[in-house]
1. Can you name the residue in segment B:72-90 that is surrounded by fewer than 24 Cβ atoms within 10 Å (Cβ to Cβ) and assigned to a helix (DSSP H, G or I) and is also nearest to the other protein chains (Cβ to nearest Cβ) among such residues?
2. Would you confirm, using the coordinates I've provided, whether A:Ala395 is in contact with an Asp or Glu (Cβ under 9 Å, 6 or more places away or on another chain) and either touching a residue at least 12 places away in the same chain (Cβ under 8 Å) or basic (Lys, Arg) (or both)?
3. Which numbered condition trips up A:Ala353, out of (1) under 30 Å from A:Ala313 (Cα atoms); (2) in contact (Cβ under 8 Å) with a residue 24 or more places away in the chain; (3) aliphatic (A, V, I, L, M); (4) more than 10 Å from chain B (Cβ to nearest Cβ)?
4. Can you tell me which residues in segment A:354-396 are assigned to a loop (DSSP other than H, G, I, E, B), β-branched (Val, Ile, Thr) and buried (at least 24 other Cβ atoms within 10 Å of the Cβ)?
5. Taking segment B:220-261 only, how many residues are in contact with a helix residue (DSSP H, G or I) (Cβ under 6 Å, 6 or more places away or on another chain) and not in a helix (DSSP H, G or I)?
6. Of B:Ala131, B:Ala173, B:Ala163, which residue is more than 7 Å from chain A (Cβ to nearest Cβ), in contact (Cβ under 8 Å) with a residue 40 or more places away in the chain and more than 19 Å from the chain's Cα centre (by Cα)?
7. Between residues in segment A:451-478 that are farther than 24 Å from B:Ile75 by Cα and residues that are outside any helix (DSSP H, G or I), which pairs lie under 9 Å by C-beta distance while being six or more apart or on different chains?
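The values are calculated or read from the model by the stated rules, or taken from the named source; none is laboratory data. This structure is a prediction, so every number in the text was calculated from the model and none was measured. Neighbour counts run over all protein chains shown; Cβ positions are idealised from the backbone, glycine included.
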Amino acid sequence: MILQDFIALAPILDLGAFCVITMLAIAFRRNHARIAVFAFMSCLLTLATLPWAATASPRAVTALLIVDRYALLYMGLVLSTAMVVIGLSYRYLNVQFREHEGIEEYYLLLLLATFGGLVLTVSAHFVSFFLGLELLGLSLCSLIGYVRTRRHPMEAAVKYLLLSISASAILLFGMALLYFESGSMTFRGVGMVMKQVQTVPGLWLGGVVLVFVGVALKLGLAPFHMWIPDVYQGAPAPITAYIATVSKGALVALLLRFVTDVGALQLPSLVHLFSLLAVVSMVTGNMLALFQQNVKRLLAYSSIAHGGYLLVALLAGGPAAAEAVTFYVIVYCAMTLGAFGVVTVYSREGGDAERFEDYRGLFWTRPWLAAMLTLSLLSLAGIPVTAGFIGKFYAIAAGVDAGLWWLVLALIGNSVISLYYYLRLIVTLFDEEPASATTPQGRAVQSTEAAGWTAVFSLGLVASMILLLGVYPGPLMELIRESVSNLLMVGMQRP
Amino acid sequence: MVLWFLILIPMLAAPLAWIGQQWSRHVARWIAIGALATDLCLALLLWSQDHSGQVSGHGSWLFESHTSWIPLWGISLHLGLDGLSLVLILLTAFLGLIAIVASWTEIQSRVGFFHCNVLLALGGVIGVFLAIDLFLFFFFWEVMLVPMYLLIAVWGHANRRYASFKFFLFTQAGSLVLFVSIITVAFLHQQATGRPSFDYADLMRLTLSKEMAWWLMLAFFIGFVVKLPAPPFHTWLPDTYTEAPTGASIILAGLLAKTGAYGLLRFTVPLFPEVMSEFAPIAMGLGAIGILYGAVLACSQTDLKRLVAYSSLSHMGFILLGAFAGTELALQGVVMQLVAHGLSTGALFMLAGALYERFQTTDMRQMGGLWGVIPRGASMALFFACASLGLPGLANFIGEFLVLFGSYSAQPMVTILASIGMVMAAVYSLGMMQHTSFGPQRETRLAPDLSNVVFGALLLMAALQVLLGLYPRPVLTTTRPVMETLVQPAVPSSHLTHPPSDQMPSANLFTSHVSSP
């Protein structure tokens, strides 16, 4: 029995151990390359334990954690995304932090944040939920402000800290209300209230709404999105990629489990509220992105809109929704990594490449990089051959299946609007004037500078994922269907 | 498998053309020519295997290829070739070659990437004509969009950015509406049979409730008509056609518009027989409006390319009119019009491009007396202007005449209105000739006449126009089995005085009369 528990928990224990070892290794001797490789290997080895853990799943380890295929799938996503971020970070740190001492802790923080993400994916209890969230949030906060000498990252870090604190406060209050009404801290236990009483108590409803608001704050759904553009812009590019993917992916895993276990979608009032949030997110994100002149901010607003699409899929309810959400999150991670990855690779010393002018004519000077960005943007826009298309297909299919016609129409309308700003960036890449024309020498030298093989490898991986999932999504779909059925099934079996 | 070759040859040649640019611009061009010529030969080969006249209607395909793709959703890589697709693929390969010849001297920068995009777009178009799994169809439908967008955005004229955005946003909006309805149909299939399916044959068997069919039909209609285009979804057309480089204009007008028409014929009409009779008058009315509106606007244009663009809108109206008339005559006219319009508009855009290369403008007010300057160009322009206005003996005439003749029995008033468009066509086509070729010579500079290659290409198109105008039978017999399946069993109620049994024999009689000289 105990052994089975350990096997099920292997990924988390593994990564936790690696965090400690990394910390000791840094204390022992500082060496950027060595620590980076070590962090990468930690994620890889943790990833390797997933199949092993799957043999023991589904399994409830204490009341706090549930290890099932669904959680393992998301763990795989979180870990592989973290690996890509590490790959992207290496050269970026070398170039950007030249004068900065102590680069190595960056990887430790990254591992800790990933650890928090893993905990979130398996949480079935408020305590583990909160612990995972705080671990993730605090590590990210330090990562955002990691470049102490610059103003923007510091500002972004403070903003993120304030956001984190308020989100936690709201979340805790919501949890308290739910505990008060249900006497339980497990998601499932909270959901029991709905089955026991005829009319749902107002405080319970309020609690669910507050928890949801807390998560929405972290996910950056409108109208809780104010921090997103500033933090995305201020944070170092690989960390922005991390916030947009790992942190989001883990939270969505949690949200999906929470919503399923609590049965929130059975209440019309909550469905209406979520629908409203979905529409507001889509519209706000897209409208604010329309005239952005800053690539990072543009991607930030687009991520708000994508949160809205995700909610549409979530609202469909049932297995179709869980499948659609999971697929969409995976796809979203790939394409966001692609876009921010290009920003990372293209960034020079002294600041990220974030203005539109930086990208003018990039296709004619660095075709591969521009092709990568184009691919990611087309994927975000949902154009076929890319994974984004299948993701959008899934989201629309879930909506159509559930008969959410208005939401589907809103999704379509917003997709068209979003095309405008993606195209605007793409057309900039293909513009006549080559980038080197603005700064004759300095830029041209930079543009031929190698991207660093780790980054090239990471981007290549992401690109092939985007294309593979766009052309041959069948196997992943089947994997997701199997895993998600696990989520729903386990949910029912537990007391 | 041979069907996949048709798609993959241009698609795989595309990166080669891009790489080929390293050695010489001509390498890229010749790779593109080679790929399309191979495609053309392949399609001709497929055509020649079918002497029996038994080109299949739906349900059975001349050639078919079926591979599982996403079994979870009932999506498969299902291609099928019948007479209609065959004719359109021949047109695609031919016009593709013409587009490359037309860009031979015009495109001098980034030649490799240009031809890469042309080949990708054409590969997508061929895929659209072959796919009979709706998901796969939509896949190709979108695949052709991005390279097309780049063709306009990178090599277009002054206002290219605006035009390319407008083009992409409009067509994408239409596509997404189409996409949602495709998914809905698949789910309705799941509700009926327990498994989702995007396969054409499965969905043909699906019976829908009247209300659902109405909405779905509307969505399918909008999705395709945006591409066609017809009012009120046409506003992207003049800007896009005008700003695009010559080669892209030819592809846009000659082929992309045809994908919309193909969608209407292949999907919209046969999938929703339940509401066809109610919807047909509306669609035909829109077609007539398109004919007249396009013609009126074409009359008042001063820019040559804009004039051709609006005339194209007018010609597309005939296609819409005929597609929903539900008679075999009209449907055969539609096919003829598809081919004929591809040839005539392609040629006119080619000429407009040639003029632009020589005078850096397509503004007709600055032209005049070109007959004395470039006699070859002016004479070809006269020929294709006549084709465009529907001169008997040329292919456009057959198309438009058959459409009007076939539509009259369904909607006489609409058809009478539409036929005014043919008169207007004469006005704007001859007006165009008047402004450009005749009158005092305003352009004093001497310009070289058309090169032999361009002239040869135009002559070839002219020869095809004459051939199809006098002997349309090959096209008509190839597509007849498909068109027969599209004939509406029920004639709109207002015309019960002409029972269908009366019309059909006469229709066949006429076709055979026309087609055997």
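1. Within segment B:72-90, the match that is nearest to the other protein chains (Cβ to nearest Cβ) is B:Leu72.
2. no
3. (1)
4. A:Ile383, A:Thr386
5. The number of residues fulfilling the criteria is 8.
6. B:Ala163 is the lone residue from the list that is more than 7 Å from chain A (Cβ to nearest Cβ), in contact (Cβ under 8 Å) with a residue 40 or more places away in the chain and more than 19 Å from the chain's Cα centre (by Cα).
7. A:Ala451/A:Arg366; A:Val456/A:Ala450; A:Leu459/A:Ala451
Residues are listed down the side, and each one gets a yes or a no for (1) of a type in the set (Val, Ile, Thr); (2) at negative phi; (3) surrounded by fewer than 24 Cβ atoms within 10 Å (Cβ to Cβ):
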residue	(1), (2), (3)
A:Tyr107	no, yes, no
A:Leu112	no, yes, yes
A:Leu118	no, yes, no
A:His125	no, yes, yes
A:Ser128	no, yes, yes
A:Leu138	no, yes, yes
A:Ile144	yes, yes, no
A:Arg148	no, yes, yes
A:Arg151	no, yes, yes
